[in-house]
Amino acid sequence: MAKWSIPFLKRRQEPEFKPDASGSSFRKVLHMTYQQRLTYLRWGLYIAVCLLALIVQDTIMSRVSILGATTDLAPAAILLIAVIENSEVGSLFALLASIFYFFSGSAPLAYCVGLITVFGMAASLFRQKYWHRSAGSVVFSAGVAGIAYELGLWGVGVFFGLTRWDRVGIFFLTGLYNAAVMIPMYFLFAKIGTIGGNQWKE
């Protein structure tokens with residue numbers, strides 16, 4: 001007697017390979033490699049030091065005046081990081097950090113964003129093209145950018161009637177003070193920059 005079977009009552013055959021999950025869990029989305037965690041740590045420390053520089057400038061250094069001028073710690077920190085990290089990454093950081101600096105309320109008008117970005121990128125490119133990486137070349141290039149930034153503020157301020165011609169010396173002194181504070185700041189940023197390995201190739 002022939003055996004009849006009903007197709008839909010047959011046992012379903014298990015596939016040989018388990019299919020990939022259709023969605024990703026929250027844990028998988030947040031999964032990072034060890035190198036990625038170190039990279040985020042490095043940039044997190046950069047940002048934290050820039051915020052600390054902004055706070056110290058607003059609460060302490062703004063009350064300290066030497067020959068009528070004071071420091072400008074936040075732009076100095078941003079420019080120094082831009083040169084340390086080289087032109088590609090450093091320029092992007094200078095742009096984003098200067099935008100945050102402007103919206104913090106401690107910066108002058110919006111033109112500070114363009115000045116910090118342009119002088120940071122120019123200093124980084126100049127250092128890469130003409131000098132090998134060293135503490136002296138990085139600090140000198142960033143220091144010149146810091147002086148140029150302050151003189152740029154003076155020039156734009158004069159153009160818009162926000163300051164006077166005879167105050168150029170005050171802005172120049174501020175740039176010199178910025179270059180001076182970059183010396184101790186460099187050793188901190190250079191140490192932070194080694195977290196996760198050196199990203200630059202020269």
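The values are calculated or read from the model by the stated rules, or taken from the named source; none is laboratory data. Computed from a prediction, not measured in an experiment: that's the story for all the values here. With ideal geometry, Cβ positions are generated from the backbone for all residues, glycine too; neighbour counts draw on all protein chains shown. Heavy atoms of the whole protein, side chains included, go into the accessibility calculation; ligands, DNA and RNA do not. Shrake-Rupley method; radii C 1.70, N 1.55, O 1.52, S 1.80 Å.
Side notes on the structure shown:
- Flag if Ala122 is touching a residue at least 12 places away in the same chain (Cβ under 8 Å) and surrounded by 20 or more Cβ atoms within 10 Å (Cβ to Cβ): no
- Every residue from region 127-169 that is in a loop (DSSP other than H, G, I, E, B) and more than 30 Å from Thr194 (Cβ to Cβ): Phe160, Gly161, Leu162, Thr163, Arg164
- Count - residues of region 90-109 that are open to solvent by 60 Å² or more (accessible area, probe 1.4 Å), of a type in the set (A, V, I, L, M, F, W, C) and modelled with pLDDT under 90: 1
- Scanning region 84-120 for residues that are touching a Phe, Trp or Tyr at 6+ places or on another chain (Cβ under 9 Å), assigned to a helix (DSSP H, G or I) and within 19 Å of Leu188 (Cβ to Cβ) yields Ile84, Asn86, Val89, Phe93, Ala94, Ala97, Gly120.
- Subset of region 58-89 [farther than 30 Å from His132 by Cβ and open to solvent by less than 20 Å² (accessible area, probe 1.4 Å)]: Ala69
- Within region 89-104, one or more residues are over 14 Å from the mean Cα position of the chain (by Cα) and in contact (Cβ under 8 Å) with a residue 24 or more places away in the chain.
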